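Reading through the structure tokens given below for one structure.
What follows draws every value from the coordinates through simple rules; no lab data is involved. As the structure is a prediction and not an experimental result, all values here were calculated from the model. Methodologically, a virtual Cβ is constructed for each residue, glycine included, from the backbone with ideal geometry; neighbour enumeration extends over all protein chains shown.
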Amino acid sequence: MSKNRKIEGTWDKVKGEAKDTFGEATDNKRLQAEGKWDKAKGEAK
């Protein structure tokens with residue numbers, strides 16, 4: 001795994017967690033879904 005790919009994966013996980021948390025706090029289901037998608041994408045990298 002390249003260094004850049006690992007950084008991208010970590011960034012996606014952090015971004016996803018923020019979206020998921022904010023979506024949950026504001027009861028925004030779409031934002032929560034985007035967050036879960038970003039976290040999964042980060043795990044895959």
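A simple spin-label model places pseudo-atoms 7 Å from Cα toward Cβ; at I7 and W37 they are separated by 2.5 nm. Rounded to whole numbers, the Karplus 3J(HN,Hα) couplings from phi for the stretch 18-28 are 5, 5, 4, 5, 5, x, 5, 5, 9, 6, 9 Hz, using 6.51 cos²θ - 1.76 cosθ + 1.60 with θ = phi - 60°, and x at Gly and Pro. Which entry in [x] 23, 8, 5; [y] 24, 14, 5; [z] 22, 13, 11 matches semi-axes √(5λ) of the Cα gyration tensor in Å derived from the coordinates of this structure? Comparing each candidate, only [x] matches the computed number. Only helices enter this figure: runs of n ≥ 4 DSSP H residues, each worth -39500 (n - 2.57), summed and divided by the residues of the chain, yield -29500 deg cm²/dmol at 222 nm to the nearest 500. Per-residue Karplus couplings for the stretch 4-16, computed as 6.51 cos²θ - 1.76 cosθ + 1.60 with θ equal to phi - 60°, are listed in order as 5, 5, 5, 5, 4, x, 5, 4, 4, 5, 5, 4, x Hz, Gly and Pro entered as x.
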